[in-house]
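Before I ask anything, let me first share the structure, which is written out below as structure tokens.
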Number of protein chains: 2
Amino acid sequence: MTVKQMQATLGQQAVIAAKGLAKANTQTKNAALSAIAESIENSSEELRLANQKDLQAGKERGLEPALLDRLELNDNVIAGMVEGVRQIIALPDPVGSVDGLKYLPSGIQLGKMRVPLGVIGIIYESRPNVTIDAAVLCLKSGNATILRGGSEAIHSNLALAKCIQAGLQKVGLSEQCVQVVETTDRAAVGALITDDQHVDVIIPRGGKSLIERISAEATVPVIKHLDGNCHVYIDKAADAQKAHAIAMNAKTRRYGVCNAMETLLVHADMVDAVMPGLIKAYQEKGVELRGCSRMQAHDASIKTAQEEDWETEYLAPILAIKVVDSCDEAVEHIAQYSSDHTEAIVTQDVTTADKFVREVDSSSVIVNASTGFADGFEYGLGAEIGISTDRLHVRGPVGLEGLTTQKWVVYGDGHIRP
Amino acid sequence: MTVKQMQATLGQQAVIAAKGLAKANTQTKNAALSAIAESIENSSEELRLANQKDLQAGKERGLEPALLDRLELNDNVIAGMVEGVRQIIALPDPVGSVDGLKYLPSGIQLGKMRVPLGVIGIIYESRPNVTIDAAVLCLKSGNATILRGGSEAIHSNLALAKCIQAGLQKVGLSEQCVQVVETTDRAAVGALITDDQHVDVIIPRGGKSLIERISAEATVPVIKHLDGNCHVYIDKAADAQKAHAIAMNAKTRRYGVCNAMETLLVHADMVDAVMPGLIKAYQEKGVELRGCSRMQAHDASIKTAQEEDWETEYLAPILAIKVVDSCDEAVEHIAQYSSDHTEAIVTQDVTTADKFVREVDSSSVIVNASTGFADGFEYGLGAEIGISTDRLHVRGPVGLEGLTTQKWVVYGDGHIRP
């Protein structure tokens with residue numbers, strides 16, 4: 001059987017499973033999630049044995065310690081997955097909800113009903129717990145999934161898939177609601193992302209290069225999460241204390257996250273009021289500062305920012321700083337260099353705040369708060385499958401609702417159109 | 001200059017124009033629309049002269065009369081375009097509206113703001129009035145457009161573009177908010193649909209083969225409108241009078257529209273109650289009937305439906321009819337053969353109606369009303385740029401809102417994330 005044929009089989013099974021799952025009510029889906037959580041809890045021995053095979057193979061292949069660390073399914077990771085599944089049970093089911101039902105002049109009643117997307121292909125890298133996180137979010141929103149994890153985690157992923165399938169079977173749902181690609185052949189990824197006959201959307205989770213490659217080659221629509229080159233702009237009408245707190249939090253809360261600030265823009269009139277304190281605080285935390293020439297003129301300890309610094313998502317204790325002369329200049333800089341993920345302004349001036357919110361074209365635009373809030377949990381989505389930097393369908397944190405679509409529903413009483 | 005370079009130039013200009021247009025307020029956009037309507041009215045002489053060139057060339061190339069007819073810009077068509085622009089002025093502007101603004105437990109205030117998609121590529125066939133219809137819908141929703149019409153309408157399209165650009169200029173908006181591809185080289189279509197650096201979405205308007213070709217080759221996301229193989233199902237609990245009215249209206253109101261019924265499904269228990277009257281009424285209107293064997297057993301004048309009849313969008317006075325034994329069988333038939341555009345059920349039973357609405361996976365699902373209602377005007381969208389048979393982003397009639405996306409907006413007061 002070729003890789004293409006294998007994908008066609010997976011795809012056909014997923015389409016049939018998705019139809020059954022779309023009809024399942026909330027109670028059945030929650031019962032399945034509960035059974036999956038139990039099954040993971042009861043399978044910790046098998047999960048660790050399977051994971052040992054992956055860890056052993058990884059060591060032999062000379063995987064870096066950081067990657068081996070991400071690969072490990074220890075008690076904490078397993079407990080975290082179980083807890084994650086239980087949290088999804090508590091979330092409201094988006095499927096079947098009807099928005100805006102209203103009577104129109106013709107007499108018909110019109111609304112929009114949420115329905116699952118159908119079949120979702122998830123492509124991810126080494127962390128095996130994504131197998132559970134992604135599958136249960138898709139399951140709750142009524143979608144069948146085809147999961148393709150990293151080849152280095154294949155035994156762990158297949159063992160996790162068994163737990164999921166045991167849970168599905170227990171409540172009478174098709175095991176094929178969640179399928180893991182069994183081959184580690186790389187061509188299977190190509191077959192999955194071009195199977196537009198069966199797959200409705202691809203969600204890649206991983207580094208930028210993986211996502212760019214998939215987007216370029218996929219014929220199935222892709223919900224992309226590229227990089228987060230996020231900005232904070234301290235306006236001339238900023239409150240200096242709020243500016244300090246927000247700029248510190250946005251950079252130093254965690255360095256390796258996509259909503260961390262990577263470039264700080266400061267209005268020239270605010271440099272003296274906020275930068276001495278910020279520079280000191282950053283340097284105490286070990287953050288390397290790279291500034292424009294005006295920033296360097298203010299403080300000679302700051303390194304020179306090169307053109308590529310403005311484009312870089314450091315994901316590290318490094319910060320680029322630029323002095324600007326207006327909100328317009330800040331908006332222009334963001335338009336040129338941002339990855340359109342998240343930008344924040346600190347200002348007490350409502351007109352400037354409104355202008356920034358309206359003109360900055362990013363998936364989250366924030367006034368007087370840290371970029372760290374751009375996150376599915378903080379936005380009340382309960383959990384997120386990723387953060388979309390796309391424009392179509394869904395932008396920013398993608399929760400259960402982002403995994404659904406809407407159809408129009410019309411109720412008449414024998415109405416005909418003139 | 002190669003076609004690819006020409007597209008890159010158009011694309012860059014469109015991106016810049018789109019940024020300016022996204023900032024334009026409703027008043028400015030409406031003033032531009034008003035100036036465009038005036039410009040069209042004042043240019044009827046130039047428009048007819050340009051159109052004469054296309055008609056002459058079309059005649060020389062031996063275009064069919066129906067195509068020449070669609071190509072013609074006469075007084076009626078021009079008045080229709082002007083009226084269309086004035087209707088768009090009256091529609092509410094979706095840009096900048098904020099949905100669901102609320103305080104979250106962390107203290108931040110969160111909502112979603114509607115913003116334009118950016119740059120929209122429209123590819124259409126012979127009717128030159130699409131140049132105006134599409135451009136003004138995109139303009140009102142804050143999007144820049146690159147329009148690529150049929151080569152047989154090139155002079156008309158360029159003359160219409162001049163009217164649009166005169167209107168834009170009059171209110172100080174960039175003329176490049178609306179650009180028409182000047183070359184009739186077919187390679188320009190390929191360059192447009194693969195220019196993902198500048199173009200955010202492609203909307204093709206035309207026949208199924210055009211749309212399939214574009215979808216297959218595009219790397220820019222496409223909002224597709226494929227065929228409308230629509231069904232009406234007369235349930236065993238149907239009111240016979242409503243069933244008759246709806247089945248007649250859905251088929252015979254207009255034959256050539258995508259929301260016309262192409263297959264009628266009738267519950268076996270209702271055949272005697274509704275089919276004699278329906279068959280008579282269809283035959284009086286000259287509708288050719290093609291049925292399953294049970295339908296033929298009921299009335300020998302009905303022709304035999306072949307397998308391909310169930311798949312066909314006739315767009316003609318032909319109707320396929322099938323007898324089914326349950327709502328489940330109707331739902332199954334629809335799942336197998338429908339193009340997922342619009343399906344209707346006629347029933348007085350609420351449980352059956354709910355089941356049909358929930359289980360039929362089409363962009364519009366209708367209870368006790370004609371499929372003819374599946375239309376942007378009937379749904380209160382004011383105008384539509386097409387009907388999406390896609391699942392992502394927008395399904396069914398696409399109005400101004402479908403040409404926008406949402407970004408998250410967050411308001412804090414110095415909030416940092418713990």
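The values are calculated or read from the model by the stated rules, or taken from the named source; none is laboratory data. All values derive from a computational prediction rather than experimental measurement. We place every Cβ from the backbone using ideal geometry, glycine too, and count neighbours over all the protein chains shown.
Anything in the range B:195-229 that is hydroxyl-bearing (S, T, Y) and more than 11 Å from chain A (Cβ to nearest Cβ)? List them, or say none.
B:S209
What are the pairs, 6+ residues apart or on separate chains, where a residue within the range B:394-418 that is facing chain A (nearest Cβ under 7 Å) has its Cβ under 6 Å from a residue that is aromatic (F, W, Y)?
Short answer, once both residue conditions are applied: B:G396/A:W408; B:V410/A:F373; B:R417/A:F373.
Here are the criteria: (1) touching a residue at least 60 places away in the same chain (Cβ under 8 Å); (2) in contact with a strand residue (DSSP E or B) (Cβ under 8 Å, 6 or more places away or on another chain). Tell me which single one B:I211 does not satisfy.
(1)
Check off (1) more than 10 Å from chain A (Cβ to nearest Cβ); (2) more than 14 Å from the chain's Cα centre (by Cα); (3) of a type outside the set (G, A, S) for B:V367 and give me the number that stays unchecked.
For B:V367, the failing item is (1).
Based on this model, can you work out whether B:I146 counts as closer than 26 Å to B:F377 by Cα, part of a strand (DSSP E or B) and more than 14 Å from every other protein chain (Cβ to nearest Cβ)?
For B:I146, the condition - closer than 26 Å to B:F377 by Cα, part of a strand (DSSP E or B) and more than 14 Å from every other protein chain (Cβ to nearest Cβ) - is met.
Return only the number of the condition from (1) closer than 30 Å to A:E83 by Cα; (2) outside the structural domain of A:S97 (by TED's automatic domain parsing); (3) over 13 Å from the mean Cα position of the chain (by Cα) that A:T404 does not satisfy.
(2)
Take the residues of the range A:335-354 that are within 9 Å of another protein chain (Cβ to nearest Cβ) and in a helix (DSSP H, G or I): which is modelled with the lowest pLDDT?
A:A335
Mind checking which residues of the range A:220-236 are touching a Leu at 6+ places or on another chain (Cβ under 9 Å), in a strand (DSSP E or B) and not aromatic (F, W, Y)?
Those that are touching a Leu at 6+ places or on another chain (Cβ under 9 Å), in a strand (DSSP E or B) and not aromatic (F, W, Y): A:H231, A:V232, A:I234.
Under 29 Å from A:C292 (Cβ atoms), crowded, with 18+ Cβ neighbours inside 10 Å, touching a His at 6+ places or on another chain (Cβ under 8 Å) and not hydroxyl-bearing (S, T, Y): is that true of A:H244 in this structure?
Judged against the criteria, A:H244 is not a match.
Moving on. Hey, among the residues in the range A:317-340 that are under 21 Å from B:V95 (Cα atoms) and out of contact with any His (no Cβ under 9 Å at 6 or more places or on another chain), which one's surrounded by the most Cβ atoms within 10 Å (Cβ to Cβ)? Working first, answer last.
Step one: of the range A:317-340, the residues under 21 Å from B:V95 (Cα atoms) are A:328, A:331-332, A:334-335, A:340.
This time we only want the ones that are out of contact with any His (no Cβ under 9 Å at 6 or more places or on another chain), so: A:328, A:331-332, A:335, A:340.
Working: A:D328: 12, A:V331: 25, A:E332: 14, A:A335: 15, A:D340: 23.
Across the range A:317-340, the extreme among qualifying residues is A:V331.
Ok, one more. Can you tell me which of (1) part of a helix (DSSP H, G or I); (2) surrounded by fewer than 21 Cβ atoms within 10 Å (Cβ to Cβ) is the one A:G167 doesn't meet?
With (1) part of a helix (DSSP H, G or I); (2) surrounded by fewer than 21 Cβ atoms within 10 Å (Cβ to Cβ) applied to A:G167, the lone miss is (2).
Which helices (runs of 4 or more DSSP H) sit wholly inside the range A:1-71 and have at least 2 residues that are acidic (D, E)? If you could, list the steps in order and put the result at the bottom.
Values: elements: A:3-23, A:26-42, A:44-60, A:65-71.
Result: A:26-42, A:44-60.
Follow-up question, since we're still on this one. Is the range A:302-316 home to any residue that is within 24 Å of the chain's Cα centre (by Cα), within 11 Å of another protein chain (Cβ to nearest Cβ) and of a type outside the set (V, I, T)?
The answer is no; no qualifying residue exists.
Taking the range B:1-56, which residues are in contact with an Asp or Glu (Cβ under 6 Å, 6 or more places away or on another chain), among the β-branched types (V, I, T) and away from chain A (no Cβ under 14 Å)?
B:V3
Being facing chain B (nearest Cβ under 9 Å), modelled with pLDDT of 95 or more, in contact with a helix residue (DSSP H, G or I) (Cβ under 7 Å, 6 or more places away or on another chain) and farther than 30 Å from B:A245 by Cα, is that true of even one residue in the range A:372-385?
Checked against the condition, which is being facing chain B (nearest Cβ under 9 Å), modelled with pLDDT of 95 or more, in contact with a helix residue (DSSP H, G or I) (Cβ under 7 Å, 6 or more places away or on another chain) and farther than 30 Å from B:A245 by Cα, the range A:372-385 yields at least one hit.
Give just the number: which of (1) touching a Gly at 6+ places or on another chain (Cβ under 8 Å); (2) within 14 Å of chain B (Cβ to nearest Cβ) does A:E152 not satisfy?
(2)
Same structure, new question: Could you check B:D196 against (1) modelled with pLDDT of 90 or more; (2) closer than 30 Å to B:K29 by Cβ; (3) within 21 Å of the chain's Cα centre (by Cα); (4) of a type outside the set (F, W, Y) and say which number it fails?
Of everything listed in (1) modelled with pLDDT of 90 or more; (2) closer than 30 Å to B:K29 by Cβ; (3) within 21 Å of the chain's Cα centre (by Cα); (4) of a type outside the set (F, W, Y), B:D196 misses just condition (3).
Here is a further query. Please state which of the following conditions A:K102 fails to meet, knowing it meets all the rest: (1) in a strand (DSSP E or B); (2) within 17 Å of the chain's Cα centre (by Cα).
Against the list (1) in a strand (DSSP E or B); (2) within 17 Å of the chain's Cα centre (by Cα), A:K102 comes up short only on (2).
Could you check the range A:306-335 and list, in sequence order, the residues that are of a type in the set (G, A, S) and either outside the structural domain of A:A268 (by TED's automatic domain parsing) or more than 20 Å from A:M270 (Cα to Cα) (or both)?
If the condition is that a residue be of a type in the set (G, A, S) and either outside the structural domain of A:A268 (by TED's automatic domain parsing) or more than 20 Å from A:M270 (Cα to Cα) (or both), then A:A316, A:A335 are the ones that fit.
So the check is Cβ under 7 Å with 6+ separation or different chains; which pairs have a first residue in the range B:23-42 that's in contact (Cβ under 8 Å) with a residue 12 or more places away in the chain and closer than 25 Å to A:V360 by Cβ and a second one that's assigned to a helix (DSSP H, G or I) and not hydrophobic (A, V, I, L, M, F, W, C)?
Matching pairs, first to second residue: B:K29/B:K140; B:A32/B:G167.
Same structure again: Quick one: which residue in B:G107, B:G172 is out of contact with any Gly (no Cβ under 9 Å at 6 or more places or on another chain) and either assigned to a loop (DSSP other than H, G, I, E, B) or at pLDDT below 95 (or both)?
Working: B:G107 fails: out of contact with any Gly (no Cβ under 9 Å at 6 or more places or on another chain).
Only one candidate qualifies: B:G172.
Looking at the range B:341-366, which of the residues that are buried (at least 23 other Cβ atoms within 10 Å of the Cβ) and among the aliphatic types (A, V, I, L, M) is farthest from B:T131 (Cα to Cα)?
B:V346
Something else about it: Do we find that B:R48 is basic (K, R), surrounded by 14 or more Cβ atoms within 10 Å (Cβ to Cβ) and more than 26 Å from the chain's Cα centre (by Cα) in this structure? Break it down stepwise before answering.
Values: basic (K, R): yes; surrounded by 14 or more Cβ atoms within 10 Å (Cβ to Cβ): yes; more than 26 Å from the chain's Cα centre (by Cα): yes.
Here the answer is yes, as B:R48 does meet what is asked.
Answer yes or no: is there a residue in the range A:103-115 that is in contact with a strand residue (DSSP E or B) (Cβ under 9 Å, 6 or more places away or on another chain), among the aromatic types (F, W, Y) and more than 11 Å from chain B (Cβ to nearest Cβ).
no
Considering the range B:355-364 alone, what residues qualify as being at the interface with another protein chain (Cβ under 7 Å from one of its Cβ atoms) and out of contact with any Asp or Glu (no Cβ under 7 Å at 6 or more places or on another chain)? Talk me through it step by step, then tell me what you get.
Residues of the range B:355-364 at the interface with another protein chain (Cβ under 7 Å from one of its Cβ atoms): B:357-359, B:361-364.
Of everything in the range B:355-364, those that are at the interface with another protein chain (Cβ under 7 Å from one of its Cβ atoms) and out of contact with any Asp or Glu (no Cβ under 7 Å at 6 or more places or on another chain) turn out to be B:V357, B:R358, B:E359, B:S364.
Turning to a different aspect of this structure: Restricting attention to the range A:189-219, and to residues there that are touching an Asp or Glu at 6+ places or on another chain (Cβ under 8 Å) and not in a helix (DSSP H, G or I), which single residue is farthest from A:T404 (Cα to Cα)?
A:G207
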